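Quick notes on the structure that follows.
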Amino acid sequence: MRTVVGVDIGNSTTEASVARIDSDGAVSYVGAALTRTTGVKGTPKNVDGVAKAVTWALEGAGVRLAELDLILLNEATPVISGLAMETITETIITESTMIGHDPRTPGGRGLGVGTIVDFEALDEVATGSPSIVVVPRGVDFDDAARRINAACDRGVEITGAILCGDDAVLVANRLNAKIPIVDEVSRIDAVPRGMTAAVEVAGPGQSIRTLSNAYGLATIFDLDSQQTKVVSPVARALTGNRSAVVVRTPSGDVADRTIPAGSLDLEGGTKRGKVDVSRGAAEIMAEVERVSPLVDVGGEAGTNTGGMIANVRQSMADLSAHELADVRIKDLLAVDTLVPQEVRGGVAGEVALENAVALAAMVRTKESGMQAVADAVAGYLRDAGAAGVDVVVGGVEAEMAVLGALTTPGTDKPLVVLDLGGGSTDAAVIGVDGHTDATHLAGAGDLVTKLIDAELGLDNLELAEEIKRCPLAKAESFFHVRLENGTVQFFEKPLPATAFARVVTLSEVEGAMSPIPTRHSLERIRMVRRTAKERVFVVNALRALRGIAPGGDLRQIGFVVLLGGCALDFEIPELIATAVAPFGIVCGTGNVRGTEGPRNAVASGLVASYVASLVGPRA
Ligand code: ADP
Ligand code: MG
């Protein structure tokens, strides 16, 4: 009887699988555990995670460390992955033309056009000229309302108001006439006095109609066709807002410009390619495919793309302790994204959605470094008084994943596995004759998280990760939530006050919900989440399958088993299954050994392969 533990050190997760092997080679798996990988995969820092996973797996199995004979480590594919993102458009405002300001609670409603006048100058405004009043910092809402009412009584036509504080509703409630009011304009001093402006506020649940229409702006400001063309980005930026202000300054301008992002130099096995990053993901990926297999990628020096590639390369070199010159980019995934960015020159923290390209790069390093990890694990075991345990570096990761996947009930050779990890999407195929082949692609779960974070403007990766993993709901009362699929769930105890009227994530833990502290609607968050998953995993699944299908023909693939952390996701497996269904592919989430779900494939495969090597010569 021998007791062995298979250990799979992944970029994100370290998994262990304990098995007992009796003298005639019969295996019984007795325990499994997983923990976060410590340090960079393939470096001695991994020992802490390995020790934890092994200890927990042994504890769960009721086996003492002293009884252990052997630890099997995966021969990791020496790849690491990095991410970068670069905006390729920007909106710039010159001369304080204000756009896109959308405070939480504008007051009043309607459309007002007039000349901007300062609050302090209200008494001097002549009757008969429509005016929009700007109320500076420090004026209280009662005062503001009183002076505006007084001016109106005097016969001055006040058509709208722009406030600095957050009291539009309070002012609106105290006015005799109903005018549109926007507030929370932080740089109120920068609002140019004496210019013509328009203020529009829509009713609750509605969005503005005039200022978000190029011809609406042309009508208000009396623009010719050339000028209308110039202001059309303003209209576009305002679409969907509940309120807005547009100031027309003589030489004021809002420009929508494409940032010269630079180009990528793609070096393939035999072909070379060059593609401008601002052409977007589809063209970049077509070029990657054309020159494949990739040997290396460079970025045009002195451009954002050059900087982005240099960053990826440098961080990869640092991580792997390689010379910069030894770092080669073997795969690249480009994804189009729209990220909210503060508008340069804005006066109220205006935000516009800019086009950006996210890149995931896969770098092949010289060797995996697993032997160094094995030595360090052996050192740890000696210190723990278990010097008798051997530590060996076992089979190749992709082959082990296939062996582990084959323990899923209902599977047989030929079989394709797609391992959906944190940094990379790996595919492996095993033929009827046992021959295996594998491919490793850049971009996986971490990129999805990053896209969600950037597109929702969260700047909080933990929250983005939660949004990725959990369905959404809206707390409509203290006792019920509306789930994203439209159904209602009731609760006996009142929901936390912080969740009320908020979009929340529903975690796997029964009843646990956390509010998402943004103004995005449930529909928008859901759309960002799902499209992020599609842009990464559907694209990569198809790329991976084309890479290993016989002759690149997806119809030659019968069965696909999904493995890895992202196969646990509540919608990624179905998105992939739907995308490959037209090719007659059966695709489902693996269930390693009939119990472990998509987890533990490599760790179990290591044990299976070791057992095969024991009994192999005899059979
Ligand atoms: P690796 O093999 O690279 O160590 P994993 O197979 O552990 O990676 O996958 C890590 C990825 O899986 C991360 O992007 C993580 O967000 C995702 N993940 C882990 N658990 C879940 C889950 N329960 N639901 C959805 N995604 C998950
Ligand atoms: Mg893995």
Checked 53, 33, 16 against criteria (closer than 30 Å to residue 321 by Cα, surrounded by fewer than 24 Cβ atoms within 10 Å (Cβ to Cβ), touching a residue at least 24 places away in the same chain (Cβ under 8 Å) and within 16 Å of ligand 2 (Cβ to nearest atom)); the one match is 33
Report task. Would you confirm whether any residue within the stretch 209-219 is free of Cβ contacts under 8 Å to residues at least 24 places away in the same chain, over 25 Å from residue 90 (Cα atoms) and not hydroxyl-bearing (Ser, Thr, Tyr)? Result -> no
Of the candidates 449, 487, 425, 439, the one satisfying the condition of being away from ligand 1 (no atom under 12 Å from the Cβ), hydroxyl-bearing (Ser, Thr, Tyr) and buried (at least 16 other Cβ atoms within 10 Å of the Cβ) is 439
Counting only strands (runs of 3 or more DSSP E) entirely within the stretch 96-206, those with at least 3 residues that are surrounded by fewer than 22 Cβ atoms within 10 Å (Cβ to Cβ) are 110-118
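Among what's in the stretch 20-54 and is of a type in the set (S, T, N, Q) and assigned to a strand (DSSP E or B), pick the residue that is farthest from ligand 1 (Cβ to nearest atom).
28
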When every residue in the stretch 1-13 that is modelled with pLDDT of 90 or more and among the aliphatic types (A, V, I, L, M) is compared, the one farthest from ligand 2 (Cβ to nearest atom) is 4
In the set 613, 609, the lone residue that is free of Cβ contacts under 8 Å to residues at least 24 places away in the same chain and either away from ligand 1 (no atom under 16 Å from the Cβ) or buried (at least 18 other Cβ atoms within 10 Å of the Cβ) (or both) is 613
For the stretch 578-605 the number of residues that are small (Gly, Ala, Ser), part of a helix (DSSP H, G or I) and within 16 Å of ligand 1 (Cβ to nearest atom) is 4
Worksheet entry | Filter result for residue 402 (more than 24 Å from the chain's Cα centre (by Cα), β-branched (Val, Ile, Thr) and within 16 Å of ligand 2 (Cβ to nearest atom)) | yes
Please verify whether residue 17 is farther than 23 Å from residue 425 by Cα and small (Gly, Ala, Ser), treating the condition exactly as stated.
no
Counting only residues in the stretch 547-570 that are more than 20 Å from residue 406 (Cβ to Cβ) and either more than 16 Å from ligand 2 (Cβ to nearest atom) or free of Cβ contacts under 8 Å to residues at least 60 places away in the same chain (or both), the one nearest to the chain's Cα centre (by Cα) is identified as 570
Of the residues in the stretch 1-19, those that are assigned to a strand (DSSP E or B) and more than 16 Å from ligand 1 (Cβ to nearest atom) come to 2, 3, 4, 5, 18, 19
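Take the residues in the stretch 549-572 that are among the aliphatic types (A, V, I, L, M) and part of a strand (DSSP E or B); name whichever of them is farthest from ligand 1 (Cβ to nearest atom).
Within the stretch 549-572, the match that is farthest from ligand 1 (Cβ to nearest atom) is 560.
The values are calculated or read from the model by the stated rules, or taken from the named source; none is laboratory data. Everything numeric in this text was worked out from a predicted model, so none of it was measured. Cβ coordinates were reconstructed from backbone atoms using ideal geometry, including for glycine residues, and neighbour counts include every protein chain displayed.
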